Amino acid sequence: MLPRFPPKPGSDVRSAKAAPVRYRRWAWGGLALAGSAVLLALGLQVAGQALDRVHLPLDRVAGVSKTVVDREGRLLRAFTAPDGRWRLPAEAGDVDPRYLEMLIAYEDRRFREHAGVDPWSMLRAAGQFVRNGRVVSGASTLTMQVARLLDGQDRRTLGTKVRQMVLALALERRLSKAEILSLYLKLAPFGGNIEGVRAASLAYFRKEPVRLSPGERALLVAIPQSPEARRPDRDPGAARRARDRVLQRAVEAGVVSASEAAQARMEAVPRQRHPFPRFAPHLAEGEVARYPQRTTHRLTIDRTRQAALETLAGEHASRLGRKLTVAVLAIENATGHVVAHVGSAGYLDAERQGAIDMTSAVRSPGSTLKPFIYGLAFERGLAHPETLIEDAPTRFGRYAPNNFDEEFRGTVSIREALAHSLNIPAVKALAAVGPKRFVGRLRRSGTEVVLPPGTEASLAVALGGAGLTLHDLAHAYVALARGGGPVPIVHSLVEGGAGTSNPASARPARLMSPAAAWYVGDILKGAPPPAGAKPFQIAFKTGTSYGYRDAWAVGFDGRHTVAVWVGRADASSTPAMTGHGAAAPLLFDSFARLAERVSPLPPPPAGVHRVRNNELASQLRRFGGHADAAGAAGSVAIAFPPDKAELDAPPADAPEIVLKAEGGALPLTWVVDGVPLETSAGERAAVWKPSGSGFSRISVIDATGRADQVKIRIR
């Protein structure tokens, strides 16, 4: 029996008699509703084994947006989920902890105590319903809201509610509170195709939700209650009123102070959705296409520097004129990590064909290969930077090159010839080094050189008669900056450590000796900078392809290598466009935006001789094109077969393959798969009989111990 209360002194007797009746009716109704809810919750909890068999529709969580982030985890690019929604992955550690406090205080104060269904909240809601005759507050927990989002059923029927309660209890039995909270952070609706707090923060505030103002936190708590009605881009007034109610509740719960709430109410409500970041779009799309199974792609890119160089590229292209575009690569010398990858002047600029990634387009490199020609000449003992060479009209068979300005300077040092990019001396040096040897060395070091179909390397390579991508050219200059030692260019960081999306051979050959590389860098450091450039002392080289189709500039300091290309994506000619005038200013500006000051180049290594021409050995004072014994001893190279070649098995009537070498001090020793071959002391060739098909490793060692090695396959 419920107790009966005597009437209060002075009250009306009839009212006093009616009060116990009303009290009993309201109390019995409230207790009945609350008791039913409590019994239902307890009954479901008891049915543990049944709950363990409940299917959790977690497959919807798998359909999250793929994201591409930089080396620090900052968002570079996001893609919509398969269902067309922005549903970015997010964990509790990815959001402002004060937002989580406000969310729990507003939505589910006992989230960390209940088992998915909160009987006390149901009791409170039932009592409010009985007293007011309408729903005043709901009893849905955060776990039940997650269950509703996973279930996909938005109808407010008794059956749907019971189903969500069962699913909530099953979630609590099989997932941790942190995992349930993470599901809410991913799936909560924020209007339109925006789901999850991370996507909402980026869309409405243009920032990650790691640090939010009180007003921003309150708005993100309020919107999911009625996402379409409270969308700030559709109805900012409704969004503001909902936000202020959350702030009031937060004050009552002690989550924010009254002064903080008052200040938060003064914050403007965003009135539009902002686009998601789109940094390094070419590289980001390539990574997602290459590894479709990954949800998060972590790149070596530095977002701050990427943004700076993208802006710079757009500004530079707009000054150059219509239809011209640019590409920029910035790479760390020590690791080969790409710091910035700008594939065009504007990804969405149709007039400039911005969707084409010009870092991977094969183009004529102009004069940018000249430093490597001289580097191999230095290594082979053919020349020294102070060696004198003739810049005069010269015919090489049918090939008669001219200088770019069609003038000749007579006798110059190789230092001057390279610093001023003279053509005749470069072709003379390549004739002495050997075009095939030169291209072979580039390829063995990991730099791919593309020759016209059906042709072999010729002297025209010195002046751009080959094809390279900006990526491969940058790879070669990184090796130069590293003292001749190449390193694979790395774009992506895989989980657990550094990885590369474009691995070169496991052990690429050295491009040139450390002394030769230092000589080249020291010369390029003295090249005349473009007009108006900041006085950065970087080693750089420019190039202009035939017909003014491509303008190049590549340079390095002690920390970074930057490669720049300027031209039209359709390979059309642009009259008067040169590497020094169009690309070099962009190169110097890129270094200015990478760092406040350039890093000094390394000191000279062992073997460098800093002397004047009259102090050189007699054979090095004037270029003659022949190596002395010391130079030859340091340059033994396998001429045939080339590295990575695939050869047909020799016929039975002639079961031998002739191996050929160039350079080096005689006698030469040939070794195939660890077994020495019989050779003649005065020969540079050897005969080998393959035992069958498969891979073989061929080595040659000269009399001084210098060696070269290739790996081939017999088919």
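General remarks:
- Qualifying trypsin sites (Lys or Arg not before Pro) in segment 566-609, where qualification requires a DSSP coil assignment and no more than 12 other C-beta atoms within 10 Å, comprise Arg597.
- His337 long-range amide H proximity, modeled H, under 5 Å: Glu332, Val490
- 24 Å Cα-Cα threshold exceeded, pairs from Lys541/Lys711; Lys186/Lys207; Lys428/Lys711; Lys370/Lys436; Lys689/Lys711: Lys541/Lys711; Lys428/Lys711
- Lys/Arg +1, Asp/Glu -1 at C-beta; the chain dipole; positive extreme among Trp670, Leu212, Phe79: Leu212
- Angle in degrees between helix 423-433 and the longest Cα principal axis of the chain, rounded to the nearest 10: 80 degrees
- Segment 255-294-segment 507-551 distance, computed between alpha-carbon centres (Å): 41 Å
- A DSSP coil position with no more than 16 other Cβ atoms inside 10 Å describes the following GluC sites (Glu not before Pro) in segment 328-392: Glu351.
- From helices alone, the chain scores -11000 deg cm²/dmol at 222 nm; the rule is -39500 (n - 2.57) for each run of n ≥ 4 DSSP H residues, then divide by the residue total.
- As a proxy for reagent exposure, ranking His420, His282 by other Cβ atoms within 10 Å from fewest up yields His420, His282.
- Signed unit charges on C-beta, dipole axis of the chain, positive-most listed residue Leu167, Leu150, Thr304: Leu167
- Over 23 Å [Cα-Cα, segment 531-612], rounded percent: 34 percent
- Magnitude of the charge dipole for segment 255-309, about its Cα centre and with charges confined to Cβ atoms of Lys, Arg (+1) and Asp, Glu (-1), is about 160 debye.
- Length-normalised contact order of the chain in % [C-alpha pairs under 8 Å, at least 6 apart]: 10 percent
- Whole-angstrom gap from segment 425-463 to segment 684-710, using each part's C-alpha centre: 23 Å
- Cα extents for segment 279-627 along the principal axes, largest to smallest and rounded to whole angstrom: 63, 45, 45.
- Residue (of Phe556, Gly192, Ala264) at the positive-pole extreme of the chain, dipole from beta-carbon charges: Ala264
- Here, P(r) means the percent of Cα pairs in each 10 Å bin from 0 to the largest distance; for the chain it is 3, 12, 17, 17, 13, 11, 9, 8, 5, 3, 1, 1, 0, 0.
- From phi via Karplus (6.51, -1.76, 1.60), per-residue ³J(HN,Hα) for segment 66-81 in Hz, x at Gly/Pro: 7, 10, 10, 10, 8, 4, 9, x, 7, 5, 9, 7, 10, 10, 5, 5
- The chain: angle of helix 584-594 to the longest principal axis, Cα-based, in degrees nearest 10: 40 degrees
- With only the Cα atoms considered, segment 404-500 has a convex hull volume of 133 Å³ per residue.
- Dipole magnitude (debye, nearest 20) for segment 375-479, charges at Cβ of Lys, Arg, Asp, Glu: 480 debye
- A viscosity of 1.567 mPa s and a temperature of 4 °C, combined with the Kirkwood radius over Cα pairs in Stokes-Einstein, give a translational diffusion coefficient for segment 629-714 of 99 µm²/s.
- The loop-placed trypsin sites (Lys or Arg not before Pro) in segment 397-474, going by DSSP, that have at most 13 neighbouring Cβ atoms within 10 Å of their Cβ come out as Arg398.
- Shape category assigned to segment 576-624 from the gyration tensor of Cα positions, a/c cut at 1.5: oblate
- Rounded to the nearest 20 debye, the dipole magnitude of the chain is 3720 debye, with +1 charges on Lys and Arg beta carbons, -1 on Asp and Glu beta carbons, and the Cα centre as origin.
Any read-out appearing in this document is the output of simple, stated calculations on the displayed coordinates, not a laboratory observation. Keep in mind that this is a model prediction, so the values were computed, not measured. With ideal geometry, Cβ positions are generated from the backbone for all residues, glycine too; neighbour counts draw on all protein chains shown.
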